[in-house]
Amino acid sequence: MIGVKIGFLEITIWDVLDVLIVGYLMYRVYKLLRGSITFNIFIGLLIILVFYWLVDVLNMLLLYNLFNSFAQIGVFTLVVIFQPEIRRFLLYLGDSTLNQSNLWRKILDRSISNADTNQSVQIDAIITALIHLSKHKIGALVVLANHVKLVEISRTGIALDAEISPELLISIFNKESPLHDGAVLIHNHQIHAASCILPVSENNTLPTSVGLRHRAAIGISEKVDIAALIVSEETGYVSYAYRGVLLRKLSEEKLLELLQKHY
């Protein structure tokens, strides 16, 4: 087996691969938990583990037994506490695998050019609507659900299953429209539903200037691996939320880049 000997240590290629995989998994966990309350809980658990190791080394039997009792139920407690994050991580793995298989399927599909043309038209329609809403400072929230069927979220709104057009999106978010409150879900290349209620982010590190519409966009992006676009009613700025991160004041070029990436 190929390896390198450093002093009395022999490092093989499998050791290097092992470290790289663990490092990548730790990085993904950090990205999932960053900026959320769960991250603080995770840090607290790490502190408990350090104390657990210390009392074992110092042979403090009473504290060791106490920590040991906690550890026996700790796995089930962790599953309950981190259930949303575990679900997001599994969705991320599944989504990545499906995206790769879809890529190969598209390469083999002769109708790829027609599909790309249709997608380009729909992206242009979304951009046209958002730019119009931005110029007139009309608040909007659009969720790019793609192939993720947000059943519970869509049930809170009005089902449309309509073709994507700038006119329809603008009319939905018109202040006189009964559907202007809430989010529009774009699913399977259609306007699937409007006036949907989204979970609001509990991230207490967000700036106070971030309003309810932006917090709702961040909230859905924290729970599901999808992106959301927001138009501010106060400033007219277009923003973007993905995996709990908010990008604000998007230019038209940046908006096109993000839609091409996530649509």
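The values are calculated or read from the model by the stated rules, or taken from the named source; none is laboratory data. Since we're looking at a predicted model, the values are computed, not measured. A quick note on method: Cβ atoms are made from the backbone with ideal geometry, for glycine too, and the neighbour counts reach across all protein chains shown.
From the list 46, 17, 54, 63, which one is surrounded by fewer than 11 Cβ atoms within 10 Å (Cβ to Cβ), at pLDDT 65 or above and farther than 30 Å from residue 201 by Cβ?
Working: 46 fails: farther than 30 Å from residue 201 by Cβ; 54 fails: surrounded by fewer than 11 Cβ atoms within 10 Å (Cβ to Cβ); 63 fails: surrounded by fewer than 11 Cβ atoms within 10 Å (Cβ to Cβ).
Criteria check complete, one pass: 17.
Can you pull out every residue in segment 142-169 that is part of a helix (DSSP H, G or I) and of a type in the set (Asp, Glu)? I'd like the intermediate steps shown before the answer.
In the first step, residues of segment 142-169 are kept if they are part of a helix (DSSP H, G or I); the result is 151-155, 166-169.
Of everything in segment 142-169, those that are part of a helix (DSSP H, G or I) and of a type in the set (Asp, Glu) turn out to be 152, 167.
I need the full set of residues from segment 217-233 which are at pLDDT 90 or above and over 21 Å from residue 164 (Cβ atoms), in order please.
Those that are at pLDDT 90 or above and over 21 Å from residue 164 (Cβ atoms): 218, 219, 232, 233.
Of 193, 216, which residue is assigned by TED's automatic domain parsing to the domain that holds residue 139 and within 13 Å of the chain's Cα centre (by Cα)? Walk me through it before giving the result.
Values: 193 fails: within 13 Å of the chain's Cα centre (by Cα).
Testing whether each residue is assigned by TED's automatic domain parsing to the domain that holds residue 139 and within 13 Å of the chain's Cα centre (by Cα) leaves just 216.
Condition test on residue 230, is it assigned to a strand (DSSP E or B) and either in the same structural domain as residue 118 (by TED's automatic domain parsing) or surrounded by fewer than 16 Cβ atoms within 10 Å (Cβ to Cβ) (or both)? Don't jump to the end; show me each part of the working.
Numbers: assigned to a strand (DSSP E or B): yes; either in the same structural domain as residue 118 (by TED's automatic domain parsing) or surrounded by fewer than 16 Cβ atoms within 10 Å (Cβ to Cβ) (or both): yes.
Yes: the conditions hold for residue 230.
Listed here are the residues, each with its yes/no results for (1) touching a residue at least 40 places away in the same chain (Cβ under 8 Å); (2) buried (at least 22 other Cβ atoms within 10 Å of the Cβ); (3) in a helix (DSSP H, G or I).
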site	(1), (2), (3)
171	no, no, yes
181	no, no, no
198	yes, yes, no
206	yes, no, no
222	yes, yes, yes
241	no, yes, no
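Only residues that are crowded, with 16+ Cβ neighbours inside 10 Å and among the acidic types (Asp, Glu): list them for segment 124-169, please.
Across segment 124-169, there are no qualifying residues.
If residue 256 satisfies all but one of (1) closer than 23 Å to residue 153 by Cα; (2) at pLDDT 90 or above; (3) not β-branched (Val, Ile, Thr), what's the number of the condition it fails?
(1)
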